[in-house]
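All of the numbers you see were taken from the coordinates with simple rules; none came from a lab. Keep in mind it's a predicted model, so treat the numbers as computed, not measured. Reconstructed Cβ throughout: ideal geometry from the backbone, glycine too, with neighbour counts over all protein chains shown.
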């Protein structure tokens, strides 16, 4: 069939094509907006290597970061570049963007053609038809709006994933720093016990103490060595835990960690308004709100269309009879909601909306509670850390100095002096644990807030 | 044979001289001062005015009919005559007393010191002793060895009510004996004596018999339990004392006893501590002449080089200072001639110390092994090492030939041909040629005799 019939079909087809809208599959703008948001909210630099040039740039960045000792900030930078779970999460943006694009397309039209030959000669019958699903096209804008909301929710969840990865990295760094510092202290403790055992041995050689006395000292030294060995194992485990956050491989695995704790900021964060701030700015809350909105809009859409035909297909078909007669005309197919009036699907959507509402409420409560808990933990850790630094450790040092003085005057002996020094070192270990707790609490509060701490400096 | 008159005038001379000497000795002692608790390095400040214990001054210029005793680092209590009765005023009070430069102790004493001032009286005297209590608890005073009416005996609860804080009691009795006696509390006695309440009570004979005593000293050894770095004696301690004093001073804080060559010297000792003290002196034979029971008959005097003084007794010995030089006078329980030391320190004597100082010094700043060759090495370092507050090294003293390495119940007795009139220390003895032990550069060969 040719001629004006096909011309009409073609015109209808191109109209459909035009009406399809042009949503892009490129997630780059989506990621860019995420990166800007995150930089402002959390001060972290997100990057996404999507091509070989980008991958090479990322590799170089990682290499230069790993070249010097890692601290918490540098470790976070590495994790944002190399953590595979995070990178996989970024790819979700591409998926979501494509789904948005998909939602913007209307259903393809259908084209039909058949040719039948009359048996015994005498001509052929040719049928051609073209149809498009009209409702799909009519509803496309609303469908697109829903997909856009879904994509926004995905963008927010991805931002949350980046924050979570950064927080988990900070926690792993703090754990590793604590155990590395503890190792140094345990080495000192082992050396002190070994010195005591050595002196006891020399006493024994000179005939001044009995076998049991010597054995007791050597036992203590051996037990210190065991504690050190166990701690070394723990340190290796903590290193692997951080490594899993960092996602490094090959020569980069030889990264070194800075042992010194960062300076605690002089500014103390006030607890006022933190809960409200979290409620306002947390990405996962915003995503949940978007999710609720999505369900609400889907429900409205479903309700609005429940009594409409489920399908409206319009088209045109043309037929040429074997005798040469041509029949051409429009077609209309309606799918009528008679048996299924959409009651079930609406009920389901309504339930889902209520569920989404409850989940949002729960998330808000949990957010506030997390903020309260994390702030309390931070404040307590800060006070304890300051107390160790300002009171406990100086007092321990004083006791050691005084014991040295007693030793100088032969009022007390060398073993008592060693014990006093060991006690001081144990206090340092405790201080290191508090320091770790502080930095972990800080990371947790930032995560609970959904952004960097207000007013405080890193 | 010296006439009585010559003797009396000589006695007066001696009295004057001895009184001056006694006052000098007292001023050598740094009275209850407010020394800071910095380490032992700082020399004591010039004598400050003591915080005001009340003093009863001797009224009038009585000529004393006896050679007054010298209480090194102490004094005799002035008295006044009141209608023929000799009156004294004792004040029991808390005192901060310097035991040696660098160590001040919170003691309980009489009239500003421990031991309290020596009470001197004469057989036959009627004495009246006022006792004012400025302690935080009740007290009493017992006159150890004195024969007197039961009610004057000073046993709180038994012979008299306690002297409550703030109260003043009066004791009155007539001396019918002579000898070396003591006075001390008999109320919470263990604690009050542990804190330092005690003093000499000397009763001179009415009529001298026997050789003239040219110089008469009183020494009160005592023991204390003072935790190093602290300043208060612990009265609960029964055995583990760490500070040992003569007249409330520890060497090098003890004032030397000065004698002129040829003098007959008497030294009186008293003991209210928890163990006996065998007091030893070098260079002379000591004749034990008296206890707190009274004078020993001459034929029963016995010779010692070391006079043992059990708790609750006094002993007096005499010698002629015929051997010029610098002599030591000390308790022969060797730990009593040390200042505070640790008795539980590990014994490092004889160990190989190679590498220890480096290894442990790297772990503990300032560490240095102590005692591997003995304790003398320690005392050499003690002067310049960081020490414990209010504590002085266990071995001290710088002699003319090097460190003396003593402490505690240790003092010097210096015998010289001439002594300065003002009682000033004559310095170190100048040994005549050929009378000193000297180093031999090339020891002779004894041909296997060893």
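First check a/c for the stretch B:232-330, with a ≥ b ≥ c the square roots of the eigenvalues of its C-alpha gyration tensor; if it is under 1.5, answer rounded, and if not, answer prolate when a/b is larger than b/c or oblate otherwise. Judged from the Cα gyration tensor, the stretch B:232-330 comes out oblate (a/c at least 1.5, b/c at or above a/b).
Against chain A, whose longest principal axis comes from its Cα atoms, helix A:134-205 is set at around 10 degrees. Computed over the alpha carbons of the stretch A:323-376, Rg followed by Dmax gives 26.6, 91 Å. Under the simplified labelling scheme, the residue A:308-residue A:423 pair shows an inter-label distance of 8.2 nm, with each label point 7 Å from Cα along Cα→Cβ. Could you check how many percent of all C-alpha pairs in the stretch B:161-213 are farther apart than 13 Å? For the stretch B:161-213, the share of Cα pairs beyond 13 Å comes to 73 percent. Sorted fewest first by neighbouring Cβ atoms within 10 angstrom, A:114, B:140, B:76 come out as A:114, B:76, B:140.
Global dimensions of the stretch B:301-350 from alpha-carbon coordinates: Rg and Dmax equal 16.3, 46 Å.
Averaging over all projection directions, the Cα-based convex hull of chain B occupies 26.5 nm² in the image plane. Note: relative contact order over chain A, using C-alpha pairs below 8 Å and six or more positions apart, is 22 percent. Per-residue shielding of B:382-391, expressed as the average number of other chain Cβ atoms within 10 Å of the residue Cβ, stands at 4.
The base-10 log of I(q)/I(0) for the stretch B:347-450, evaluated at q = 0.13, 0.23, 0.24 Å⁻¹, reads -0.82, -1.30, -1.34 [Debye formula, identical scatterers on Cα atoms, solvent excluded]. One decimal place: the segment residue A:327-residue A:68 gains 85.1 nm when fully extended, by the rule 0.36 nm per residue minus the C-alpha distance. For residue A:50 and residue B:357, what is the calculated FRET efficiency with R₀ set at 45 Å and r taken between the beta-carbons, to the nearest 0.05? The computed FRET efficiency comes out at 0.10. Each residue in A:305, B:132 was given a count of other beta-carbon atoms within 10 angstrom of its own, and listing them fewest first yields A:305, B:132. Could you work out how far helix B:4-28 tilts from the main Cα principal axis of chain B, as a 0 to 90 degree angle to the nearest 10? Orientation of helix B:4-28: about 50 degrees from the principal axis. Here the extension length gained between residue A:57 and residue A:227 equals 56.8 nm, from 0.36 nm per residue of separation less the Cα-Cα distance.
With a/c under 1.5 counting as rounded, go ahead and sort chain A into rounded, prolate or oblate using the C-alpha gyration tensor (a ≥ b ≥ c being the square roots of the eigenvalues; past the cut-off, prolate if a/b is larger than b/c, else oblate). Cα axes put chain A in the prolate bin. A crude spin-label estimate for the pair residue A:289 and residue A:351, with each label 7 Å from Cα along the Cβ direction, gives 2.8 nm. Kindly provide log₁₀ I(q)/I(0) values, in the same order as q = 0.11, 0.14 Å⁻¹, from the Debye equation applied to equal alpha-carbon scatterers of the stretch A:268-357. Result of the Debye calculation: -0.60, -0.73. Kirkwood's formula applied to the C-alpha pairs of the protein assembly as shown gives a hydrodynamic radius of 37.7 angstrom.
Against the main long axis of the alpha-carbon atoms of chain A, helix A:393-408 sits at an angle near 20°. Per-residue mean of foreign Cβ neighbours for A:412-424 is 4 (Cβ atoms of other chains, 10 Å radius).
Computed extension gain for residue A:397 through residue A:124, at 0.36 nm per residue and net of the alpha carbon distance, reaches 87.4 nm. Sorted fewest first by neighbouring Cβ atoms within 10 angstrom, A:389, A:382 come out as A:389, A:382. Only helices enter this figure: runs of n ≥ 4 DSSP H residues, each worth -39500 (n - 2.57), summed and divided by the residues of the protein assembly as shown, yield -14000 deg cm²/dmol at 222 nm to the nearest 500. Summarising the label geometry, the points placed 7 Å from Cα in the beta-carbon direction at residue A:107 and residue A:279 lie 4.5 nm from one another. Roughly what % of Cα-Cα distances in the stretch B:390-450 sit above 17 Å, to the whole percent? Across the stretch B:390-450, Cα pairs with separations above 17 Å total 65 percent.
Taking a ≥ b ≥ c as the square roots of the eigenvalues of the alpha-carbon gyration tensor, the stretch A:135-294 is classed prolate because a/c is 1.5 or more and a/b outweighs b/c. Computed over the stretch B:84-195, the percent of Cα pairs more than 22 Å apart is 31.
With contacts taken as Cα pairs under 8 Å at a separation of at least 6 residues, chain B carries a relative contact order of 15 percent.
Do you know the relative contact order of the stretch A:181-269, to the nearest whole percent, from alpha carbon pairs under 8 angstrom that are 6+ apart? So the answer I get is 32 percent.
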